[in-house]
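Read the structure below first, then the notes.
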Amino acid sequence: MSTITLIGRILFSLVFLGSGFGHFAKTDAMAGYAKFKKVPAAKFSVLASGALMILGAAGIILGVWADLAALVLATLAFITGVWMHNFWTVTDPQAQAAEQAGFFKNIALTGAGLVLFVLAQDGGDLFGWALGSSLF
């Protein structure tokens, strides 16, 4: 069971690793979109959220303070879903559908992150292999 859990942790984290590295590779474009969405300190926010995504994903994969990492990623996914994918404010049907998909993806990631938070706190066979221990 711990092998399957590890695979699940890696698959969950891949979304955040890809997005996190994208925040650094496409900082200016993402900062422009963040400004459009009225994110304060857009460029700093893009870089900070990218760093949190990479560190959080690494923590979950390696099992180093994975409970904190999962909680950070769940919080980040929720805030991003509500702020950046606020489909209820979009009038164009195609753009609204894209934002709605992004919103529900982030809500699903929030739920998965919360489950990982609990599993990482309990540790043992449910969480599987871990390089470190839980923080909380």
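Derivation of every value follows stated rules applied to the coordinates shown; laboratory data play no part. For clarity, every value in this text was computed on a predicted model and none was experimentally measured. Counting neighbours? That spans all protein chains shown, and the Cβs are built from the backbone with ideal geometry, glycine included.
Taking the Cα of Leu131, stepping 7 Å toward and past its beta carbon, and measuring to each backbone N in segment 63-90: which are under 11 Å?
It comes to 63-65, nothing else.
Nearest 0.05, what FRET efficiency do Ile79 and Phe24 give at R0 = 22 Å with Cβ-Cβ as r?
Efficiency, from the Cβ-Cβ distance: 0.70.
From the P(r) of the chain, could you give the percentage of C-alpha pairs in the tail past 21 Å?
43
Quick one: helix 42-62 against the long Cα principal axis of the chain, what's the angle to the nearest 10°, folded into 0 to 90?
Between helix and principal axis, roughly 20 degrees.
Based on the Cβ-Cβ distance from Asp122 to Phe36, what FRET efficiency comes out when R0 is 41 Å, to the nearest 0.05?
So the FRET efficiency works out to roughly 0.50.
Report the relative contact order of the chain, percent, no decimals, based on alpha-carbon pairs under 8 angstrom and at least 6 residues apart.
31
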